[in-house]
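First comes the structure, then the notes that go with it.
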Amino acid sequence: MSIDSPGVAARSSSGSVAASEPMPENIRSVQPGGGFVYSIEMAWGYVRRGYLKTLRRGYVRNMAALRTGDASGAPHEILDPRDLKFCRNLCTARWADEDDAFLWREHVPFARWGLAELLLMSAPLVLLCWAFWITPLWWLAFGPAVVLGLVVWFFRDPHRLVPREPGQVVSPADGVVAEIAPLETHDFVGEPAVRIGIFLSIFNVHINRAPVAGRIVRLRYHPGKFLNALNPESAILNENMVVGLQETSAPYRKMVVRQIAGLFARKIVCDLKPGQDVRRGEKFGMIKLGSRTELILPAAGLDVAVKVGQKVKAGSTVMARYAVAPPNVTASEASAS
């Protein structure tokens, strides 16, 4: 479906990348809404850091020597890479891959931000399965086993092949296309746009990925309600995170990914920060337990490649395409033509 807006060039009016806006005061974590499991992880981190500083001082000194960047802005001490899980968007502290003994956690086939929930939800189910299995009522073990399977299935993080053709926009989420709607304008995009809404059920992968390569210009976190994602009002009233990004090369289009919590998905994760560059298909967060994700694109020169009801996969399904200027033709000449 080709969409064009007369008189509007498919490029940023500034002709360059806009200055990144400051991090909002209400984003003090990659999971700004907090939560029960989040509180447990914060408490465990406090205990772990106390243990390291008391009984493993040599380890702490060694990790401090290997660390690069600045820990300023973090809400707690940064002793090793585990301390960056929830505040990597607030500071620049990092360790090289060869110095990060916990890097393997980034490569397990489960959502890095959901490993604690996966463990805490799975452990009692495993015990319940075992408790039933060793009794004459062994067949009752199938009930918690099914629930365990659903928990593991929800937190999966499969590998995705990201399309590399110029001008392509990939899906920011798994799910079903629920809406394709024209917008007269959008405050961040700054011109007529198209909104593509994606509904995620509890059976979908919930990792969010960048639709294009670009720079993060704006982040906005809005606390709110937790209405069913199928309710039209949920897109307005529910907790949500707005991610505004802009292409770093001509025509410097601005786009938005909006993470919206649902009835059960009460925690949004976004580990981005203003000024950060992302790659097309790069993982940047998730929404836990059923939700909605919106993609807002400039309408000029846009060719929408999906339709309502179509299933899409984050990072691999091409949602839309923009015409690419041929060699030796500038972006302004291509727009004029």
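Scanning region 212-235 for residues being in a strand (DSSP E or B) and either among the aromatic types (Phe, Trp, Tyr) or at pLDDT below 90 (or both) gives a total of 2.
Here VAL126 clears all of (1) at pLDDT 95 or above; (2) closer than 30 Å to LEU66 by Cβ except the condition numbered (2). When residues in region 151-168 are screened for being outside any loop (DSSP other than H, G, I, E, B) and either touching a Cys at 6+ places or on another chain (Cβ under 9 Å) or loosely packed, with under 13 Cβ neighbours inside 10 Å (or both), 1 of them pass. Between GLY290, GLY281, the distinction of being crowded, with 21+ Cβ neighbours inside 10 Å, at positive phi, within 23 Å of the chain's Cα centre (by Cα) and modelled with pLDDT under 95 belongs to GLY290 only. Taking every residue in region 175-186 that is under 21 Å from LYS288 (Cα atoms) and in contact (Cβ under 8 Å) with a residue 40 or more places away in the chain and pairing it with any residue that is not in a strand (DSSP E or B) and not hydrophobic (A, V, I, L, M, F, W, C), at least 6 positions away or on another chain, the pairs with Cβ-Cβ distances below 6 Å are GLY175/ASN204; VAL177/GLN310. Candidates in region 180-211 are the residues that are outside any strand (DSSP E or B) and of a type in the set (Val, Ile, Thr); of these, the one that is farthest from VAL312 (Cα to Cα) is THR185. LEU79 fulfils the conditions (1) modelled with pLDDT of 95 or more; (2) touching a strand residue (DSSP E or B) at 6+ places or on another chain (Cβ under 8 Å); (3) not charged (D, E, K, R) except for a single criterion, (2). If the condition is being surrounded by fewer than 13 Cβ atoms within 10 Å (Cβ to Cβ) and in contact (Cβ under 8 Å) with a residue 12 or more places away in the chain, then region 76-100 contributes only ALA96.
Scanning region 94-145 for residues that are aromatic (Phe, Trp, Tyr) and outside any helix (DSSP H, G or I) yields TRP95, PHE102, PHE110. Within region 13-43, if we keep just the residues that are part of a helix (DSSP H, G or I) and among the aliphatic types (A, V, I, L, M), the residue that is surrounded by the most Cβ atoms within 10 Å (Cβ to Cβ) turns out to be VAL37.
The values are calculated or read from the model by the stated rules, or taken from the named source; none is laboratory data. All of these numbers come straight from a predicted model, not from anything done at the bench. When we count neighbours, we look across all protein chains shown, and the Cβ atoms used for this are built from the backbone with ideal geometry, even at glycine.
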